[in-house]
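S.K.: Please find one structure pasted underneath; my questions will follow.
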Amino acid sequence: MRWITRAVGWMATGWVLVSSALAQNHAVSAEQARQLATRGFDHFYNLEYDEAIRIFERLREADPGNPYSHHRAALAYFYKQLYQAGVLEGDLFGASNKFFRTRKIQVDPALDRSFHQANQTSIRLCEQRLKQARNDQEALYVCGVANATRAAYQGLIERSLLDSIGSAGKANDFHTRLVRLNPRYYDAYMVPGLYDFALGSLPRPLKLLLFFVGMSGEKARGIRLVESVAQWGNGARRDAQIMLTVMYRREKRFADARRTLETLAASFPRNYVFPLEIASIHRAAEENEEAVGAYESVLTRVRQGAPGYPDAPVARIHFELGDLYRKQGDWESARRHLAQVAGSRGSTPDLARESALLQQQIAQSLGQAENAAPTRDGQVSRR
């Protein structure tokens, strides 16, 4: 079951991100719409969801008949929900993240209501356009990303796996139709690519079972499709880069993941998640010294009050640093960071408990070392 949940997470988040590809609004001037959309997505990728929501709602009010205007607002409501729940702290799809092993998050009723209204309106409007012209490429694209966002919400917020898989299949169908109509609509390759990768990542028995119901995927093909979006796509290029870091990490292509994250971090300097992911990649690659340097750099920016960084999960950073210093045998640095976990921003009972256990292990190791004394012949004996 955990494999299915994580696969839904990979697909769903990628499908949510790809929805930023269509950033035009037709009721205002093209230039004004472009500038507003650019500002909105700059706030969005820098985790400034209130500002993004204000801009996207303004664009929706200016053009209420455009399905993408409603979808764009739904996207921001959803990600604000994830942000408030503490999900966007790096390692979203890593094995150490407990998000996939916990119950449903406590939703904000207002955000939940706003999301469903905007998402349903977006799907209704684009389906109406397809009834009038079944090959309307813009409508196919919006129907795909709107269903993808619904799949993400069902999988990550509501934890309704069957509903999520159903919505995901619809999203894949819309974009598969689109790329058949227009092979140069590169942004639309991302959903099929993520679909391929996620299904291809499932355990063999489950893949065999899904094959008999017409569902199959191949990881390598999925990566190639998403890479094509990163190279030739329009609005979804950044989104493809974000999802490639997840895919590269899954395939242990750590250098590729790190280089991609460094590009994203430079483009969105107020987003603390990208530097945290770089640190996490170093840790996963067992480059502990580099991981320590990366985590310490984030902590320094927090202390300096760098824009966006005061909201970073300081407790988790202290925990990661404490564990890394412990592995390096730097007991004092390890204890110094672990002692700050419980009282720092973002601390949870689980994290505080794990920190306390590590501190106990360090104390035991130091006690054993102090109880050992060298003899005259250089051998160690217990006192």
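Bear in mind that the values in this text are calculations on the coordinates, not laboratory data. Computed from a prediction, not measured in an experiment: that's the story for all the values here. Note: ideal-geometry Cβ built from the backbone for every residue, glycine included; neighbour counts use all protein chains shown.
S.K.: Quick check: residue separation of GLN120 and LYS104 times 0.36 nm, minus the Cα distance between them. What number comes out in nm?
M.R.: 3.6 nm
S.K.: Counting other beta carbons within 10 Å of each Cβ, put SER69, SER114 in order, fewest first.
M.R.: SER114, SER69
S.K.: Moving on to the next point. If the chain between ASP330 and TYR83 were fully stretched, how many nm would it gain, using 0.36 nm times the residue separation less the Cα-Cα distance?
M.R.: Roughly 85.6 nm would be gained on extension.
S.K.: Using a Förster radius of 56 Å, what is the FRET efficiency between GLN132 and ASP350 based on their Cβ-Cβ separation? Nearest 0.05, please.
M.R.: Given R0 = 56 Å and the Cβ-Cβ separation, E is 0.60.
S.K.: Quick one: net charge of ALA52's neighbours, Cβ under 14 Å, K/R +1, D/E -1?
M.R.: Once positives and negatives cancel, what remains is +2.
S.K.: Rounded, prolate or oblate, given the Cα gyration tensor of the stretch 219-279, with a/c below 1.5 counting as rounded?
M.R.: Judged from the Cα gyration tensor, the stretch 219-279 comes out oblate (a/c at least 1.5, b/c at or above a/b).
S.K.: Take the alpha carbon atoms of the stretch 111-144, find their center, do the same for the stretch 220-287, and report the distance between the two centers in whole angstrom.
M.R.: 29 Å
S.K.: Hey, with R₀ at 35 Å, roughly what FRET efficiency would GLU289 and ARG113 work out to, going by the Cβ-Cβ distance, to 0.05?
M.R.: Step by step, r from the Cβ atoms, then E = 0.15.
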